[in-house]
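Since the structure comes first, as C-alpha cells, the remarks are kept for the end.
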Amino acid sequence: MDPSIAANLMEAAYQQALKGYNEGGLPINSAAAVPGPNDQPLFQFTGQESLVNGLVQQQIVYQCMSAYLATYAFGTGDACLGAGLTANLQAGTAGVADSFAALAGQPHFSTRQAQ
C-alpha cells in the first residue's frame with residue numbers, strides 16, 4: 001500500500017485521539033509501541049509519520065485491508081475472502097480502488113446466485 005494512502009487513513013484517527021488531550025492543555029507524548037504477539041512490541045513509534053511507516057512494514061495491515069474490502073463488497077465476514085488482494089496492495093501495484101474493483105472477478109462474486 002502506498003504510504004500516503006495509509007497516512008491519509010490514519011490522519012483522522014490520530015488527530016481525533018490527540019484532540020482530547022489537547023483540549024485540556026496537557027502535554028502530549030506520542031511515543032508508544034504497537035503491541036504484538038506474546039506481549040512483544042511489533043515496533044516503536046514517536047508520532048504519526050513513524051506510526052504510518054511502521055504499519056506499512058507489517059503484512060497484517062494488508063491482510064486486514066483485503067479482508068475489510070471483501071467484507072464491505074460481499075456483505076459477509078467469511079474468512080479468506082479477498083485474500084488474493086494482499087500481495088498487490090503490499091507491493092503497491094494496486095491501490096484501494098483497484099483492489100475493490102478486482103473483487104468483482106473473485107469466485108465469491110462471480111458465482112453468486114440471486115436469492
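The values are calculated or read from the model by the stated rules, or taken from the named source; none is laboratory data. Bear in mind the structure is a predicted one, so any value in this text is a computation, not a measurement. Ideal geometry is used to build each Cβ from the backbone, glycine not excepted, and the neighbour counts take in all protein chains shown.
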I'd like the full set of residues that are β-branched (V, I, T) and more than 28 Å from P37 (Cα to Cα), limited to the stretch 60-115.
T93, T111
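Picking from A97, A67, A104, which residue would you name as being more than 21 Å from E11 (Cβ to Cβ), surrounded by fewer than 14 Cβ atoms within 10 Å (Cβ to Cβ) and not assigned by TED's automatic domain parsing to the domain that holds E11?
Details: A97 fails: more than 21 Å from E11 (Cβ to Cβ); A67 fails: surrounded by fewer than 14 Cβ atoms within 10 Å (Cβ to Cβ).
On inspection, the qualifying residue turns out to be A104.
Looking at the stretch 32-56, which of its residues are outside any helix (DSSP H, G or I) and of a type in the set (G, A, S)? Before you say what the answer is, go through the steps one by one.
Within the stretch 32-56, the subset outside any helix (DSSP H, G or I) is 32-36, 40-47, 56.
Matches in the stretch 32-56: A32, A33, G36, G47.
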Restricting to the stretch 57-90, count the residues that are part of a helix (DSSP H, G or I), aliphatic (A, V, I, L, M) and more than 14 Å from the chain's Cα centre (by Cα).
1
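Let me confirm something: among L85, L69, L89, which residue is touching a Gly at 6+ places or on another chain (Cβ under 6 Å) and either within 26 Å of V52 (Cβ to Cβ) or aromatic (F, W, Y) (or both)? If you could, list the steps in order and put the result at the bottom.
Values: L85 fails: touching a Gly at 6+ places or on another chain (Cβ under 6 Å); L89 fails: touching a Gly at 6+ places or on another chain (Cβ under 6 Å).
That would be L69, the only listed residue that is touching a Gly at 6+ places or on another chain (Cβ under 6 Å) and either within 26 Å of V52 (Cβ to Cβ) or aromatic (F, W, Y) (or both).
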Would you confirm whether or not the stretch 73-87 contains a residue that is under 30 Å from S30 (Cβ atoms), surrounded by 14 or more Cβ atoms within 10 Å (Cβ to Cβ) and among the polar types (S, T, N, Q)?
yes
Pairs needed: first member in the stretch 67-90, at positive phi; second member anywhere, in a loop (DSSP other than H, G, I, E, B); C-beta distance under 9 Å; at least 6 residues apart or different chains.
G82/Q106
